1. Please work out which residue is farthest from Gly572 (Cα to Cα), limiting yourself to the range 3-37 and to residues that are over 60 Å from the mean Cα position of the chain (by Cα) and of a type in the set (A, V, I, L, M).
2. Cβ-Cβ below 9 Å, separation at least six or inter-chain, first residue in the range 264-275 and under 12 Å from Val221 (Cβ atoms), second charged (D, E, K, R) and open to solvent by 30 Å² or more (accessible area, probe 1.4 Å): which pairs?
3. Which of the following residues is in contact (Cβ under 8 Å) with a residue 40 or more places away in the chain, within 30 Å of Glu534 (Cβ to Cβ) and either of a type in the set (A, V, I, L, M) or open to solvent by less than 50 Å² (accessible area, probe 1.4 Å) (or both): Leu614, Leu600, Leu589?
4. Identify the residue in the range 240-260 that is among the small types (Gly, Ala, Ser) and either open to solvent by less than 30 Å² (accessible area, probe 1.4 Å) or at pLDDT 85 or above (or both) and, among all such residues, is farthest from Arg202 (Cα to Cα).
5. Quick one: would you say Val515 is surrounded by 11 or more Cβ atoms within 10 Å (Cβ to Cβ) and within 25 Å of Arg627 (Cα to Cα)?
6. Open to solvent by 20 Å² or more (accessible area, probe 1.4 Å), in contact with a strand residue (DSSP E or B) (Cβ under 6 Å, 6 or more places away or on another chain), at pLDDT 90 or above and not hydrophobic (A, V, I, L, M, F, W, C), is that true of Arg472?
7. Any residue at all in the range 67-83 that is without any contact (Cβ under 8 Å) to a residue 60 or more places away in the chain and in contact with a Gly (Cβ under 7 Å, 6 or more places away or on another chain)?
8. Suppose we filter the range 223-239 for residues that are more than 24 Å from Ala282 (Cβ to Cβ) and open to solvent by 70 Å² or more (accessible area, probe 1.4 Å); how many remain?
Amino acid sequence: AGALVDEGRRVEVEAAGFVRSASELRNVVVAVRDGRPLYLEDVATVTDGPEPEPAVILYAEKGRPGFEQAVSITVSKRPGTNATQLADRVLEKVGNLRGRLVPGAVDVTVTRNYGETAGEKSSELIDHLLIATLSVIALILLAMGWRSAVVVGVAVPVTLALTLLLTYLNGYTLNRVTLFALIFSIGILVDDAIVVVENIHRHLHLPGPKRPFARIVLDAVDEVGNPTILATIAVIAAILPMAMVSGLMGPYMRPIPVGASLAMIFSLVIAFVVSPWAALLAFRKEAHLPEMDATGLHPADPERDAPEPDHDHPGTHPESGPETRFTRLDRRIVRALLGSSKVRLAFAGGVVVMLLAAMALLGVGVVKVKMLPFDNKSELQVQLDLPAGAAREEALALGQRVARRLLEEPEVKDVQVHSGVAAPFTFVGMVRHSFFREAPDQVDLQVNLLPKGDRDASSHQLAVRLRPEIERLVAASGARLKVVEIPPGPPVLATMVAEIYGPSQAERDRLAGEVREAFRSVPGVVDVDSTLNETAPKLELAVDREKAALHGVQVSAVVQTLAAAGGGAPVGTFHVERGTAQVPLVLQLASARRARLDQLLELTVPGPRGLVPLSELVRAETTRAERDIQHKN
């Protein structure tokens, strides 16, 4: 309020008396009657606390009685950050805060650790990558010997290392998608090395004049060079168009064709460079064999003195050297197919029968059509939508009943009930817009399961098993139920979505209603939701302008009085003793007097001739809230 200057001294003046607490606010004098002050607490109830209808989060854990109020804190990582390392640092930070910032009476529970699950998934995929590599090497070992297995075993890790380098340079991180791309590539990236090694192995046993071993390797590689290049280009041409997929699937799928194509290119280069070099080392001793005679057999071979093979019992082949048991069986089958039309027809008929039988597996339901397999997560979400207009207390009570039933399951560890606020949304929640679920008639349950190593049932099996139980609990309330699982791939709005386009709103509503009933008539469809759902009831209090003018009351005064009574009107702010934010001061009619319309209309507004009740100035019309307009982006 300025300053006082007297005899060269300056004193700052501050107009004090600001309200800083609820106790001071109660003692504010609002009027004087008969010489006595009338305090605010004489005409109003002053409370210091949260907003009148705050969001409610309840936490219930198996083995602990009842529900406890909770606060959810969600930590999101920045792009490129290692989720596992970040989760470990956050947990360490929380541990350091216990007893200092976090009071001892407050329990801190980590309900979802995606860093841990990401680490587990990555470790599992790396294990599968090693298993796939070792399986391929073991197969080569059994079919072609340990030397060929060594050559292929060198080619695989070198190819993977170069692929990982290019994947990193392209900006992809080592995650579940890129690891899946590598596992997907294992089967095809060893083809080139196997073809080269097999041909080197064949050339070593060809009869004829003895050649230098290096020349044998070069001739063997040169012989299969063109078809190997062509086969590699064909595979790349088949999978690379997957990188052109747009929309939500694009970023998810792109590392697979890019990684696999790079792996194929490197596998071709390694098959022509690294594999011949490794063969020079691995087959050097085998290359110094005794010189073969005209039969193509070594002098010490036990089959050398066997009878000369005839046309029907081939034992050797002039181009491939000694034959194995499997080679002779193959020649017999091929000779029978080439020599008899009946055998050819029987063979073709058998192929057709097996093709039809394989296709019939889809029709009879033995094979399910699904893009990605069900994953085994450690969480589920249950979303309940009560009929429009249901009180929040009803929704919260229903959520608690469902939570108690879920806690009876041995695989369920804890449950969080969110009312008036959306549950921390997951991967699937980004597409389903779960963060908008804040209506009074909506309640979300976050169901956390035991680690998958501690339970026999998968999360999908639990969802299928629990759904009928939850349906029985919510049937009487008329609530719509959704059991939400986190998908192994890109999330979608729903399993099936119908978008209705038409010339008018009435026509769209009619067609959408028919489609909705068609969905409901299909066996196996468990959830049907739409934008046609009935909205909450609404009372429109229209001000009679003529009556307001006759009473000398402004229409704005009527509207402001109703808004303050029902929704609350901010009338100022005050500072707290220890805090940086100002606390709003809200004037609102007591909740007990807002239960019925007649109570609300008992309020009065001042006019020139005295107070006028709102019941004389407004007329009530019962309608329903307008539906949201859905825009697709």
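1. Our first condition is that a residue be over 60 Å from the mean Cα position of the chain (by Cα); within the range 3-37, this holds for 3-13, 31-37.
Filter once more, so that each one left must be of a type in the set (A, V, I, L, M): 3-5, 11, 13, 31-32.
Numbers: Ala3: 27, Leu4: 30, Val5: 33, Val11: 29, Val13: 23, Ala31: 19, Val32: 23 Å.
Here the answer is Val5.
2. Every condition considered, the pairs that remain are Ala271/Asp191.
3. Details: Leu600 fails: in contact (Cβ under 8 Å) with a residue 40 or more places away in the chain; Leu589 fails: in contact (Cβ under 8 Å) with a residue 40 or more places away in the chain.
After applying the criteria, what remains is Leu614.
4. Here is the first cut: in the range 240-260, the ones among the small types (Gly, Ala, Ser) are 243, 246-247, 250, 259-260.
Of the ones still in play, those that are also either open to solvent by less than 30 Å² (accessible area, probe 1.4 Å) or at pLDDT 85 or above (or both) are 243, 250, 259-260.
Values: Ala243: 38, Gly250: 44, Gly259: 32, Ala260: 29 Å.
Across the range 240-260, the extreme among qualifying residues is Gly250.
5. Values: surrounded by 11 or more Cβ atoms within 10 Å (Cβ to Cβ): yes; within 25 Å of Arg627 (Cα to Cα): yes.
Taking the combined requirement at face value, the residue satisfies it.
6. Details: open to solvent by 20 Å² or more (accessible area, probe 1.4 Å): yes; in contact with a strand residue (DSSP E or B) (Cβ under 6 Å, 6 or more places away or on another chain): no; at pLDDT 90 or above: yes; not hydrophobic (A, V, I, L, M, F, W, C): yes.
For Arg472, the condition - open to solvent by 20 Å² or more (accessible area, probe 1.4 Å), in contact with a strand residue (DSSP E or B) (Cβ under 6 Å, 6 or more places away or on another chain), at pLDDT 90 or above and not hydrophobic (A, V, I, L, M, F, W, C) - is not met.
7. Pass one, the range 67-83, residues without any contact (Cβ under 8 Å) to a residue 60 or more places away in the chain: 68-69, 71, 73, 75-79, 81-83.
Keeping just the survivors that are in contact with a Gly (Cβ under 7 Å, 6 or more places away or on another chain) gives 83.
Checked the range 67-83: at least one residue is without any contact (Cβ under 8 Å) to a residue 60 or more places away in the chain and in contact with a Gly (Cβ under 7 Å, 6 or more places away or on another chain).
8. 4
The values are calculated or read from the model by the stated rules, or taken from the named source; none is laboratory data. Remember, predicted model here, so these are calculated numbers, not experimental data. Heads up, the Cβs are rebuilt from the backbone with ideal geometry, glycines too, and the neighbour counts pull from every protein chain shown. Surface accessibility is based on the protein's heavy atoms, side chains included, excluding ligands, DNA and RNA. Shrake-Rupley method; radii C 1.70, N 1.55, O 1.52, S 1.80 Å.
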